[in-house]
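**Student:** Mind looking over this structure? Questions follow.
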């Protein structure tokens, strides 16, 4: 089995702490412990924790709280992992087979694409395409390509919704189309929903959970919940599959951190959960118009569709330079880190995060101006 280098993760690991302006992050400003432990009872309970092994599938209370985030879900449908990445890994490791194929949405966080090439026969892709719909630009599902990508050899379909890097959310009709294709070939439908809850406008985006008996949801606290340092993720799936995932988990990290489990249990209590998501949405609502003001100063160079969720924006450009080369110039000449399009399965474009210190973000974008202006002056 050959595992390819995960280019995006390697780039961020190498450079995110070396640059002055790291605009490659895709979450919102992380919460502080004092925000999460905002009562004496919380503090007392946390400090009284014995530093023993945590339950390997997550504590009963944490699994109960996670289950309440999904309709008609029980703790038996939940297993806890070390971050969303481990949730994706053990799920795809369990499901993929050497003579079966993965159908994978692009653009995307390319973990699933790499694992599909390692554990499955091959990966067939279907895309979101930038289109004009009802007077606005939107990343829409290419239904014809979806139908071509899903064949009798497909046993897993992978969707990220809300999407990374575009922030797009599938419509109800698009969700139904994906479910229909999975059902037609009896494939598992794995949906990474880690940005759900960080919407730019309106209500929380709908979950795929409950739309099909072979749906699996992966998620975690790193993005919408602004708690990346806890490294808590989860899988929501039918109980029989949860048992199979647990077998793989026993060969990996065994258990989540006990302290992270305790803090996650507090975060996922329904009232606290909604307060945390409100905090994230408030940050996004405040920052996005400031980012858009900068984007629109480059209207002849940058092409943009407003994200529907996540503190991320994907920008296409029309410049005579490939995306990795452009990002390398920004890093080396201006000490700014962004993520190139080719690390999402696209070409001329870049992803930037706007969920952290917005004033610092704008100062970093002023340095981006210096490189962009070299191509149009």
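**Student:** Restricting the search to the range 359-377, which residues are surrounded by 18 or more Cβ atoms within 10 Å (Cβ to Cβ) and within 28 Å of residue 279 (Cα to Cα)?
**Tutor:** Listed by number, the residues that qualify are 361, 364, 365.
**Student:** Continuing with this model, one more query. Working only within the range 275-296, note down all residues that are without any contact (Cβ under 8 Å) to a residue 40 or more places away in the chain and surrounded by 13 or more Cβ atoms within 10 Å (Cβ to Cβ).
**Tutor:** The answer is 275, 292, 295.
**Student:** Determine the pairs where a residue that is over 25 Å from residue 32 (Cβ atoms), located within the range 246-273, has a partner that is part of a helix (DSSP H, G or I) with Cβ atoms under 6 Å apart, the partner being 6 or more residues away or on another chain.
**Tutor:** Short answer, once both residue conditions are applied: 248/90; 248/93; 248/94; 249/90.
**Student:** Right, something else. For the range 120-141, what are the residues that are in contact with a helix residue (DSSP H, G or I) (Cβ under 9 Å, 6 or more places away or on another chain) and over 18 Å from residue 188 (Cα atoms)?
**Tutor:** Step one: filter the range 120-141 for residues in contact with a helix residue (DSSP H, G or I) (Cβ under 9 Å, 6 or more places away or on another chain), giving 120, 122-127, 129, 140-141.
Matches in the range 120-141: 127, 129, 140, 141.
**Student:** Given the residues 226, 173, which is the only one that is surrounded by 20 or more Cβ atoms within 10 Å (Cβ to Cβ) and either assigned to a strand (DSSP E or B) or assigned by TED's automatic domain parsing to the domain that holds residue 161 (or both)? Explain how you work it out, then say what you get.
**Tutor:** Working: 173 fails: surrounded by 20 or more Cβ atoms within 10 Å (Cβ to Cβ).
On inspection, the qualifying residue turns out to be 226.
**Student:** Identify, from the list 136, 131, the residue that is at pLDDT below 95, closer than 19 Å to residue 348 by Cα and assigned by TED's automatic domain parsing to the domain that holds residue 199. Step through it out loud before you land on a result.
**Tutor:** On the way: 136 fails: closer than 19 Å to residue 348 by Cα.
Exactly one residue qualifies, and that residue is 131.
The values are calculated or read from the model by the stated rules, or taken from the named source; none is laboratory data. Since the structure is predicted, the reported quantities are computational estimates derived from the model, not experimental observations. Please note: Cβ atoms are built from the backbone with ideal geometry, for glycine as well, and neighbour counts cover all protein chains shown.
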